[in-house]
Amino acid sequence: MARKILCISLTPIHRDARVLRQIALLAEMGEVTTIGFGDAPKLATAHIRVPDGLATLPQTPAGVLRLALRMHAASECSSPAAGWVLKQRENIASDWDLVVANDARVLDLAFSLAGGSPVWADLHEWAPEERTHVLSWRLLVAPFMVYLCRTYLRRTSLVTTVSRGIAELYREHFGVEPLLMTNAGPFQDIAVRPSQGDAIACVHSGAAIGGRGLETMIQVVKDLPERFTLDLFLVPGGDGGAHLRELQRAAEGCDRIRFRDPVAPSELPRTLSSFDLGLFWIPPTHTNARLTLPNKFFDYVQARIGIAIGPSEEMVRELREYGLGVVSRSFDPKDLADSLRDLDADKLDSFKRAADRAAEPLSFSAQVSGVKHALQALLPR
């Protein structure tokens, strides 16, 4: 009989690159049922679609009051999305071989549905500071995230997270030993495209979310010489596209900056391979920004293009180990521009060749091998 695996992610799973890779791994081991927003992911055997728009935190008046009073036990599974899932419980199997909780906010729901089955917590970031730039989140939600981590993480059979620095935080604060599962994508066999003269085609892919320094990126490229261009492959954030429109307005009058339609995660490296240099200058305004090691970093590697980053410690470690690109002295716009100004075709081509050498060790299959062994040990034979 096939193993039965439940994967919970209160995100639009069909376009969540990390969860899609996770499902691909799980599908090698059993039949995967997913719970989340949006269409069913391709490799799922079954999908329970949560209605769009349901909040994933206790954002009802009663829920906010409980959070304010630190009634955390009473706040478990009280978000509208979790409540909806629990109402479908009679249609959800209970004899799982494994339940996967994507992020701390669904740990309570995962254990509620697990029925004693092992739970894998895949923590996509440092949960206690997920949105600490928002005052209400910092005052009301952050303590609840700490409660969920303290209550459930030591009860999980497996904990994984995205970078060494974030793994150390979970180890220090919650006494667990996370395995590293980076945001690396699958290996893609893409040829290195030699640079063309003095022109440098820069690119950035990701979500149009405030706080990621995208408006600074636009201003820096506008101020750089004419040989620099920037193409942006952005999906709208959760603000209905408001920040994306702000960025488009910021780029008005500069025909060297172009906004492109987003592409599927599986297609992104090949699309990016026609450029020279992937940019990501995220200021360290909070812990997750400081310790980020995002999908796009690995997409740039698979695309066989150079990478330009700020002094973000997790990305710097990987970039310098493999010789993938340039690091600015600081996040000051002048330093960002100075890190690019003297680049030429020879330097870019050396970065591209380094990306080609790094594409295999920085691929999903190489990065996930330890997690795969741990899962095989957890699942029944």
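Candidates in the range 83-117 are the residues that are modelled with pLDDT of 95 or more and of a type in the set (Asp, Glu); of these, the one that is surrounded by the most Cβ atoms within 10 Å (Cβ to Cβ) is Asp108. Within the range 53-61, identify whether any single residue is open to solvent by 50 Å² or more (accessible area, probe 1.4 Å) and part of a helix (DSSP H, G or I), and answer yes or no. Yes, the range 53-61 contains a residue that is open to solvent by 50 Å² or more (accessible area, probe 1.4 Å) and part of a helix (DSSP H, G or I).
The single condition from (1) of a type in the set (A, V, I, L, M); (2) outside any strand (DSSP E or B); (3) open to solvent by less than 10 Å² (accessible area, probe 1.4 Å) that Leu140 fails is (3).
Okay, residues lined up against (1) part of a helix (DSSP H, G or I); (2) closer than 22 Å to Ala127 by Cα; (3) open to solvent by 20 Å² or more (accessible area, probe 1.4 Å):
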residue	(1), (2), (3)
Arg245	yes, no, yes
Ser266	yes, no, yes
Pro269	yes, no, no
Gly278	no, no, no
Pro283	no, yes, yes
Ala289	yes, yes, no
Leu293	no, yes, no
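Would you confirm whether any residue within the range 315-327 is under 20 Å from Thr216 (Cβ atoms), among the hydrophobic types (A, V, I, L, M, F, W, C), in a helix (DSSP H, G or I) and touching a residue at least 40 places away in the same chain (Cβ under 8 Å)? No, the range 315-327 contains no residue that is under 20 Å from Thr216 (Cβ atoms), among the hydrophobic types (A, V, I, L, M, F, W, C), in a helix (DSSP H, G or I) and touching a residue at least 40 places away in the same chain (Cβ under 8 Å). Whenever a residue of the range 93-106 is closer than 25 Å to Arg131 by Cβ and basic (Lys, Arg), its partners that are at pLDDT 95 or above and part of a helix (DSSP H, G or I), lying with C-beta atoms within less than 8 angstrom and at least six residues away or across chains, give the pairs Arg105/Ala127; Arg105/Met145; Arg105/Leu148. When only residues in the range 329-360 that are in contact (Cβ under 8 Å) with a residue 24 or more places away in the chain and outside any helix (DSSP H, G or I) count, which is most open to solvent (accessible area, probe 1.4 Å)? If we take residues in the range 329-360 being in contact (Cβ under 8 Å) with a residue 24 or more places away in the chain and outside any helix (DSSP H, G or I), then Glu360 is most open to solvent (accessible area, probe 1.4 Å). Taken over the range 361-381, the criterion of being crowded, with 17+ Cβ neighbours inside 10 Å and not in a helix (DSSP H, G or I) is satisfied by Leu362, Ser363, Val368. All conditions but one from (1) at pLDDT 95 or above; (2) open to solvent by 30 Å² or more (accessible area, probe 1.4 Å); (3) of a type outside the set (Phe, Trp, Tyr); (4) closer than 28 Å to Arg212 by Cα apply to Pro80; the one that does not is (4).
Taken together, the criteria place Glu177 among residues that are under 30 Å from Leu158 (Cα atoms) and assigned to a loop (DSSP other than H, G, I, E, B). For first residues located in the range 166-195 and over 19 Å from Pro294 (Cβ atoms), partners that are among the aromatic types (Phe, Trp, Tyr) and open to solvent by less than 10 Å² (accessible area, probe 1.4 Å) and lie 6+ apart or on another chain with Cβ distances below 9 Å form the pairs Val176/Tyr170; Glu177/Tyr170. Determine whether Thr182 is buried (at least 19 other Cβ atoms within 10 Å of the Cβ), modelled with pLDDT of 95 or more, assigned to a loop (DSSP other than H, G, I, E, B) and touching a helix residue (DSSP H, G or I) at 6+ places or on another chain (Cβ under 7 Å). Yes; evaluated as a whole, the condition is true for this residue. Scanning the range 299-314 for residues that are in a strand (DSSP E or B) and among the β-branched types (Val, Ile, Thr) turns up Ile307, Ile309.
The values are calculated or read from the model by the stated rules, or taken from the named source; none is laboratory data. This is a predicted model, so every value here is computed, not measured. Don't worry about glycine lacking a Cβ; one is built from the backbone with ideal geometry, like all the others, and counts go over all protein chains shown. The protein model used for the area step is the full one, side chains on, heavy atoms only, and it has no ligands, DNA or RNA in it. Shrake-Rupley method; radii C 1.70, N 1.55, O 1.52, S 1.80 Å.
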